[in-house]
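Here's the structure, in structure tokens; my notes come after.
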Amino acid sequence: MSPDNAIERILEQSAEAQMKRREAAENSQTFHKLSGAITAYGKALALLKLFNSEEFYTTIVLSTH
């Protein structure tokens, strides 16, 4: 899966979780579970951005060779 496809999929999953969370009762187990999922999607997007950055590549990848 390409990084662009991964980003698109994560955004779709996050949007779906946000819509479901709006329907859940606030402070319910479902609400908190979906809040955690939305947070995880945000962290996954941040990691993808980091891994695709030129700075990451030059710092991590090139320093190991």
Quiz item: How large is the Kirkwood hydrodynamic radius of the chain, in angstrom, based on all distinct alpha carbon pairs?
Solution: 13.4
Quiz item: Which of LEU45, PRO3, ASN27 sits farthest toward the positive end of the charge dipole of the chain, with +1 on the Cβ of Lys and Arg and -1 on the Cβ of Asp and Glu?
Solution: ASN27
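Divide by every residue of the chain the summed helix terms, -39500 (n - 2.57) for each DSSP H run of at least 4, and state the resulting mean residue ellipticity at 222 nm, rounded to the nearest 500 deg cm²/dmol. If you can, show how the numbers build up before the last one.
Numbers: 2 runs with 44 residues, N = 65.
Taking each H run of at least 4 residues, the total per residue is -23500 deg cm²/dmol.
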Quiz item: Using +1 on the beta carbon of Lys and Arg, -1 on that of Asp and Glu, and nothing else charged, what's the dipole of the chain about the Cα centre, debye to 20?
Solution: 260
Self-check item: Nearest 10 degrees, 0 to 90: helix 3-23 Cα axis against the chain principal axis
Solution: 20
Quiz item: Percent of accessible area on the chain owned by carbon and sulfur, 1.4 Å probe?
Solution: 56
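The values are calculated or read from the model by the stated rules, or taken from the named source; none is laboratory data. In this text, all values refer to a predicted model and were calculated from it rather than measured experimentally. Note that each Cβ is placed from the backbone with ideal geometry, even for glycine, and that neighbours are counted across all protein chains shown. The area values use the complete protein model at the heavy-atom level, side chains included, leaving out ligands, DNA and RNA. Shrake-Rupley method; radii C 1.70, N 1.55, O 1.52, S 1.80 Å.
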